[in-house]
1. Of all residues in the stretch 27-71, count the ones that are under 17 Å from the mean Cα position of the chain (by Cα), closer than 26 Å to residue 6 by Cβ and not hydrophobic (A, V, I, L, M, F, W, C).
2. Specify which of the listed residues (68, 46, 73) is modelled with pLDDT of 80 or more, surrounded by 10 or more Cβ atoms within 10 Å (Cβ to Cβ) and part of a helix (DSSP H, G or I).
3. Looking at residue 53 and the list (1) surrounded by fewer than 16 Cβ atoms within 10 Å (Cβ to Cβ); (2) of a type in the set (A, V, I, L, M); (3) at pLDDT 90 or above, which single condition is not satisfied?
Amino acid sequence: MVHSPTRWRIGVDVGGTYTDVIFVDDKGRKIRFDKVPSTPGSARSVADGIGKLIETTGWAAASAGIFVHGSTVATNAYLTRSGARVAFVVTDGFRDVLEIRDQLRPHLYKLAQTKSQNAMTTRPGSRQSETPLH
C-alpha cells in the first residue's frame, strides 16, 4: 500500500482544452500532476482529474486538506471581454487590484504612459465590517 500523507493539497486549473490537476504532500516534497480533457459547462473534468490522481497515487481522499481552484477560461473571458456580465467584489483596500495589474509596462519608471482600457467599470461600494474567523 502506498503511504498517504497526513494532509495534502489539491490544485486545479480549468482551461478551455485541458484541466490540470496537481497534488502536493504535506511537506511540499512529493508532487503529482496530470491533465484530463476539459468538459465545457461542467465540473466533470475536475472530478475526473482528482479521481485519476487519487487512483494513481493511492492517497486517501479524506486526507486532502486544501483545495485551490483556478480557471484559465475565466481569466481569458475577462481579458477578451467576452462572456456574461459579472460583478467583481472585493474587500475594502483591494478595489484597485485590477487597475494596478502586474506592473508590466514598456517603461517602468515613466509616469505618463497610455494604459490599455480597463475592462472593469468601477462603482463606489458600501463599506462592510468584517469579523475575523479565528
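1. Within the stretch 27-71, residues that are under 17 Å from the mean Cα position of the chain (by Cα), closer than 26 Å to residue 6 by Cβ and not hydrophobic (A, V, I, L, M, F, W, C) number 5.
2. Among 68, 46, 73, only 46 is modelled with pLDDT of 80 or more, surrounded by 10 or more Cβ atoms within 10 Å (Cβ to Cβ) and part of a helix (DSSP H, G or I).
3. Exception for residue 53: condition (1).
The values are calculated or read from the model by the stated rules, or taken from the named source; none is laboratory data. Just so it is clear, the model here is predicted, and its values are computed rather than measured. Cβ sites come from the backbone with ideal geometry, for glycine too, and all protein chains shown count toward neighbours.
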